[in-house]
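The values are calculated or read from the model by the stated rules, or taken from the named source; none is laboratory data. Model, not experiment: these values are computed from the prediction. We place every Cβ from the backbone using ideal geometry, glycine too, and count neighbours over all the protein chains shown. Each accessible area value is taken on the protein alone, full model and side chains, heavy atoms only, with ligands, DNA and RNA left out. Shrake-Rupley method; radii C 1.70, N 1.55, O 1.52, S 1.80 Å.
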Amino acid sequence: MRNKIIAGNWKMNTLVNQGVQLASSINEYFSNIKLAPHVKIIIGVPFTHIDACTKSVDFTKIAIAAQNCSQYEKGAYTGEVAADMIKSLGAQYVIVGHSERRQIFGETDSIIAQKIANCHKNALFPILCCGETEGERDDGSYFDVVKNQLIASLALTDKFNILRTVIAYEPVWAIGTGKTASPEQAQEMHEYIRKVIAEIYNKDIADQISILYGGSVKPDNAAELFLKDDIDGGLIGGASLKKEDFIKIYQAI
Ligand code: 13P
């Protein structure tokens, strides 16, 4: 059975004390819940919050993710944070290749491939983001765009490590816009992503990979998305900053 995953991406929000408060209150809710073994709750926090947040949650229930890591392993790269540093703080996942990083910080698929390799080298699970822009949706190239992102970003990932990778489909036009992909649009792409993974690796592997949907997931649209066969959970931005909303989205799965 594939893992069902609810992952928050706080992006560049909250001060450390506010983040710890949010993580602690989410933790409090889950302390009374018996999670099924295949359900994973993840919160993606700023680098500055990782240490305090890992100490504020029960790691058997809630995993901490970083939102990025360096493509380099160590050395003279001022301002960069290496995968092993993230690992040493107790984080378990790293969001890699988010469209905000691709668009604002110029990350290419080959940089993303290296970041994924660094995660795997350090026993971190990358959450690889992919997705098309509004223009690419409109001109009909969206399947090709996502396929090319996957092939290039996974160029350094072998059959062993792909099973330690989560994929998140995040159509850029749906991020922070309130425009969610319809459950049918999302399912169509998730099914396609699984097919691409089967082509690169094999069908058995593709069937085991969790593929999350991200882009304006809210308590009132989560359930209809999660009901779809190939949607294994969500990567949640804005709504993950509100404890009640994040918990309602968990309840939807
Ligand atoms: P929103 O849920 O705010 O649209 O953000 C989605 C996202 O970018 C998660 O990584």
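Okay, residues lined up against (1) over 23 Å from residue 125 (Cβ atoms); (2) surrounded by fewer than 15 Cβ atoms within 10 Å (Cβ to Cβ); (3) modelled with pLDDT under 95:
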residue: 177; (1), (2), (3): yes, yes, yes
residue: 181; (1), (2), (3): yes, no, yes
residue: 186; (1), (2), (3): no, no, no
residue: 190; (1), (2), (3): no, no, no
residue: 194; (1), (2), (3): no, no, no
residue: 197; (1), (2), (3): no, no, no
residue: 204; (1), (2), (3): no, yes, no
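Is it true that residue 225 is within 16 Å of the ligand (Cβ to nearest atom), closer than 25 Å to residue 10 by Cα and part of a helix (DSSP H, G or I)?
Considered against the rule, which asks whether it is within 16 Å of the ligand (Cβ to nearest atom), closer than 25 Å to residue 10 by Cα and part of a helix (DSSP H, G or I), residue 225 comes out as yes.
Would it be correct to say that residue 161 is free of Cβ contacts under 8 Å to residues at least 40 places away in the same chain, among the polar types (S, T, N, Q) and touching a helix residue (DSSP H, G or I) at 6+ places or on another chain (Cβ under 8 Å)?
No.
Which members of region 131-164 meet the condition of being away from the ligand (no atom under 16 Å from the Cβ), not in a helix (DSSP H, G or I) and not charged (D, E, K, R)?
First pass over region 131-164, keeping only residues away from the ligand (no atom under 16 Å from the Cβ): 135-136, 138-145, 147-148, 150-152, 154-164.
Checking the rest, the ones that are also not in a helix (DSSP H, G or I) come to 139-141, 154-158, 163-164.
Correct list: 140, 141, 154, 155, 156, 157, 163.
Going by the conditions given, is residue 181 closer than 24 Å to residue 41 by Cβ, within 18 Å of the chain's Cα centre (by Cα) and assigned to a helix (DSSP H, G or I)?
On the way: closer than 24 Å to residue 41 by Cβ: yes; within 18 Å of the chain's Cα centre (by Cα): yes; assigned to a helix (DSSP H, G or I): no.
No.
Taking residue 119 as meeting all but one of (1) open to solvent by 40 Å² or more (accessible area, probe 1.4 Å); (2) more than 16 Å from the ligand (Cβ to nearest atom), write down the number of the exception.
Looking at each condition in turn, residue 119 falls short on (1).
With respect to residue 172, is the statement that it is under 23 Å from residue 115 (Cβ atoms), open to solvent by 10 Å² or more (accessible area, probe 1.4 Å), within 15 Å of the ligand (Cβ to nearest atom) and among the hydrophobic types (A, V, I, L, M, F, W, C) true?
So residue 172 fits the description; yes.
Given the criterion open to solvent by less than 50 Å² (accessible area, probe 1.4 Å), within 27 Å of residue 145 (Cα to Cα) and away from the ligand (no atom under 16 Å from the Cβ), identify the matching residue among 86, 111.
111
Quick one: count up the residues across region 126-148 that are buried (at least 21 other Cβ atoms within 10 Å of the Cβ) and either under 23 Å from residue 3 (Cα atoms) or modelled with pLDDT under 95 (or both).
Count: 7.
Do we find a residue being farther than 30 Å from residue 84 by Cα, more than 16 Å from the chain's Cα centre (by Cα) and surrounded by fewer than 21 Cβ atoms within 10 Å (Cβ to Cβ) anywhere in region 151-165? Lay out the reasoning, then the answer.
Initially, region 151-165 is screened for residues farther than 30 Å from residue 84 by Cα, giving none.
No: zero hits.
Could you count how many residues in region 1-26 are touching a strand residue (DSSP E or B) at 6+ places or on another chain (Cβ under 7 Å) and either basic (Lys, Arg) or open to solvent by less than 30 Å² (accessible area, probe 1.4 Å) (or both)?
Of the residues in region 1-26, 9 are touching a strand residue (DSSP E or B) at 6+ places or on another chain (Cβ under 7 Å) and either basic (Lys, Arg) or open to solvent by less than 30 Å² (accessible area, probe 1.4 Å) (or both).
Looking at (1) in contact with a Phe, Trp or Tyr (Cβ under 6 Å, 6 or more places away or on another chain); (2) within 15 Å of the ligand (Cβ to nearest atom), which is the only condition residue 247 fails?
Condition (2) is where residue 247 drops out.
Can you tell me which residue is nearest to residue 63 (Cα to Cα) among those in region 8-39 that are within 16 Å of the ligand (Cβ to nearest atom) and under 15 Å from the mean Cα position of the chain (by Cα)?
Here the answer is 8.
Filter region 206-222 for residues that are within 9 Å of the ligand (Cβ to nearest atom) and farther than 16 Å from residue 127 by Cα; which is most open to solvent (accessible area, probe 1.4 Å)?
Ranking the candidates gives 218 first.
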